[in-house]
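Chemist: The following block contains the structure, expressed as structure tokens.
The values are calculated or read from the model by the stated rules, or taken from the named source; none is laboratory data. Just so you know, these numbers come straight off a predicted model, no measurement behind them. A quick note on method: Cβ atoms are made from the backbone with ideal geometry, for glycine too, and the neighbour counts reach across all protein chains shown.
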Amino acid sequence: MANEQLKTAAASAPWMADALAPGLPPQVFQHTVSQADMAISITDVHGNILYVNPAFTRVTGYTTDEAIGKNQSILSNKTMPPALYQSLWQKISQGEVWTGRLINRHKDGSQYLAELSISPIVDAHGKVLNYLGMHRDITEVHRLEYQVRNQKALIESVVDAAPVVIALLDVDDRVVLDNHEYKKLQADLGMAEPAPMLMSAIRASLELESGKGRRTSGYLFLDREVRIDRPGGNTPRWFSCSGSRVREDDSTADAFLAGRRRDYLLLVAKEITSLRAQQEKVRVAALQAVMADEDRVLALRESLAAATFRIEGPLNMMASVVAMLARRKGETDPMSVALVEAIAAGQQALEELRSMIPGETREAIGPVNLNELLRDVLDLSTSHLLAAGITVSWKPQAMLPALQGAPNKLRSLFKALIDNAIEAMNVRGCRERELTLASKERRGEIEVLIEDSGPGIDNSQHLKVFEPFHTTKRGGGHLGTGLSSAQQVAADHGGYIEIGPAAVRGCRVRVLLPLHPRP
Ligand code: FAD
């Protein structure tokens, strides 16, 4: 039956005979068209149907007899804009192929979405003789497409509306998907991609926790708190980060058989800056009390050390005199005897004094974030800085790796340096009072610069200031042990402090501390 129809169609479509390739039996062509799993129709130049294959009947509901002689418009649902048909006809009548989607009507009146291709069949002179229509019902595909699209839009709007930073990262920490809060963070921090920075902070904290300096993959972590420092004295921002692995089937052609999967990391970061600020306030207040106690102990230790140092001088002199007298008059000379007794009494007093010097408290070594520590010191010095009218320029490296050290000792070191800077600027005649504090990591070391705009230290004094009991400050009350103690703390951490002139004016103190001090 189908073959008969094709023959009839061929009678009014002479090109069909040409289409039969020499050597290829005509039935092959006929079977191909009639057995194709796609609705195929052949029309005259007016769209009147000459041939339909069985798939056409399956898709449209029209039998061959019902379709032959009718116009293709029997399939029209009459809902598509007329302009669409006009452009369709314009294209095909000019000999071009038209492809598109149309809402068609089934014989039973139900609608379906057709994906259609109409090809003009032209003669040797380019004259259109017939049209070949091929279409398939894509209603279900379209429904699924839309379902996926709607779900995607829904998920995107939920992710966008979430009050947390969300970013999907590939294995190279590249952001492949993000949300509104992430874009806000980008703008706030003025950086292209904050995610890799958060990730390196998270990895560093995971590494520290492992305690072996081992590089962990960094995947799958929960509520990890990380801190981002911002230049310009702004308070740091804190984020509680969680990460989970997300897997996607690789949709590229070369993964069709292999069934490869791609790994992503879903990073969710919740800002906890205000919570941390409150906790910080409480912590700094407690720290203030501890530091005040430590300062008192330190002052006592320094006073007693200075006293023993001063007593040692005259005792040594007396010992020299005794030695001299012994040489001249013998050891039994009454003056020598009296002096020896006085020296012995003095030595005993000295020993008693030494035993009264409070011992240094031992402190556990652990990971120290110098940015955090320097902020603490600035917080502790706020009232002094304000009273002296000093402006602070805080230039931390956004993410500073932690070093192994004694936090209280390091805090005292920086407090001593900042106190010195404040004192240097808080003098008459010092109009511009600016303290610059900067931190950065370079070649396995952390460098902290403390620059003041005070009168500076004379070149000849740059090394001397580190000697115990040496002071450049006039007037009493200064024992001159601050810098020597600070240098000792730096040395205990495998580092050192150097003093030089500041870039413009004043004094610049450079503290260098290795990240991994040699044992
Ligand atoms: P119509 O009056 O038939 O046509 C609308 C506009 O199309 C007219 O205003 C006119 O500008 C233009 N037009 C119509 N016929 C011609 C022509 N012979 N020459 C130049 N311009 C013309 N339509 C479907 O809706 N679904 C289908 O699956 C479908 N398959 C087709 C397959 C083939 C091979 C061809 C040739 C056409 C097919 N059509 C199909 C188009 C169909 O012929 C109708 O044009 C369309 O259905 C609109 O019908 P209508 O009755 O609403 O308006």
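Chemist: If you take just the helices (runs of 4 or more DSSP H) that sit entirely in the stretch 22-81, which of them hold at least 3 residues that are surrounded by 14 or more Cβ atoms within 10 Å (Cβ to Cβ), within 15 Å of the ligand (Cβ to nearest atom) and modelled with pLDDT of 95 or more?
Modeler: Helices (runs of 4 or more DSSP H) meeting the threshold: 54-60.
Chemist: May I pose another question? When you scan the stretch 85-179 for strands (runs of 3 or more DSSP E) that lie fully inside it, which ones turn up with 3 or more residues that are within 11 Å of the ligand (Cβ to nearest atom)?
Modeler: In the stretch 85-179, 98-105, 111-122, 128-137 are the strands (runs of 3 or more DSSP E) which contain 3 or more residues that are within 11 Å of the ligand (Cβ to nearest atom).
Chemist: If you go through the stretch 183-201 one residue at a time, how many are more than 9 Å from the chain's Cα centre (by Cα) and within 23 Å of L400 (Cβ to Cβ)?
Modeler: Within the stretch 183-201, residues that are more than 9 Å from the chain's Cα centre (by Cα) and within 23 Å of L400 (Cβ to Cβ) number 7.
Chemist: Name the pairs whose Cβ atoms lie under 6 Å apart, with the first residue in the stretch 372-400 and closer than 24 Å to R428 by Cα, the second modelled with pLDDT under 90 and not in a helix (DSSP H, G or I), and 6 or more positions between them or separate chains?
Modeler: A388/N426; V392/G233
Chemist: If the requirement is being under 21 Å from I497 (Cβ atoms) and either in a helix (DSSP H, G or I) or in contact with a strand residue (DSSP E or B) (Cβ under 8 Å, 6 or more places away or on another chain) (or both), which of these qualifies: L386, L380?
Modeler: That would be L380, the only listed residue that is under 21 Å from I497 (Cβ atoms) and either in a helix (DSSP H, G or I) or in contact with a strand residue (DSSP E or B) (Cβ under 8 Å, 6 or more places away or on another chain) (or both).
Chemist: Restricting attention to the stretch 25-48, does a residue exist that is farther than 22 Å from V128 by Cα, polar (S, T, N, Q) and touching a Lys or Arg at 6+ places or on another chain (Cβ under 8 Å)?
Modeler: Within the stretch 25-48 (the criterion being farther than 22 Å from V128 by Cα, polar (S, T, N, Q) and touching a Lys or Arg at 6+ places or on another chain (Cβ under 8 Å)), the answer is no, since none of the residues qualifies.
Chemist: Next question, about the same structure. Being out of contact with any Pro (no Cβ under 6 Å at 6 or more places or on another chain), exposed (fewer than 11 other Cβ atoms within 10 Å of the Cβ) and not aromatic (F, W, Y) narrows it down to one residue among G100, G126; which is it?
Modeler: G126
Chemist: Among the residues of the stretch 364-371, are any modelled with pLDDT under 90, surrounded by 20 or more Cβ atoms within 10 Å (Cβ to Cβ) and part of a helix (DSSP H, G or I)?
Modeler: no
One line per residue, one yes/no per condition, for (1) in the same structural domain as Y131 (by TED's automatic domain parsing); (2) without any contact (Cβ under 8 Å) to a residue 40 or more places away in the chain; (3) closer than 25 Å to R143 by Cβ:
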residue	(1), (2), (3)
P25	yes, yes, no
I49	yes, yes, no
S73	yes, yes, no
Q86	yes, yes, no
S93	yes, no, no
V97	yes, yes, no
K107	yes, no, yes
Q111	yes, yes, yes
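Chemist: Looking at the stretch 328-335, is at least one residue surrounded by 14 or more Cβ atoms within 10 Å (Cβ to Cβ) and either in a helix (DSSP H, G or I) or in the same structural domain as S242 (by TED's automatic domain parsing) (or both)?
Modeler: Checked against the condition, which is being surrounded by 14 or more Cβ atoms within 10 Å (Cβ to Cβ) and either in a helix (DSSP H, G or I) or in the same structural domain as S242 (by TED's automatic domain parsing) (or both), the stretch 328-335 yields no hits at all.
Chemist: To continue, here is another question. I'd like the residue in the stretch 336-348 that is modelled with pLDDT of 85 or more and surrounded by 14 or more Cβ atoms within 10 Å (Cβ to Cβ) and, out of all such residues, is nearest to A406 (Cα to Cα).
Modeler: The extreme case among them is Q347.
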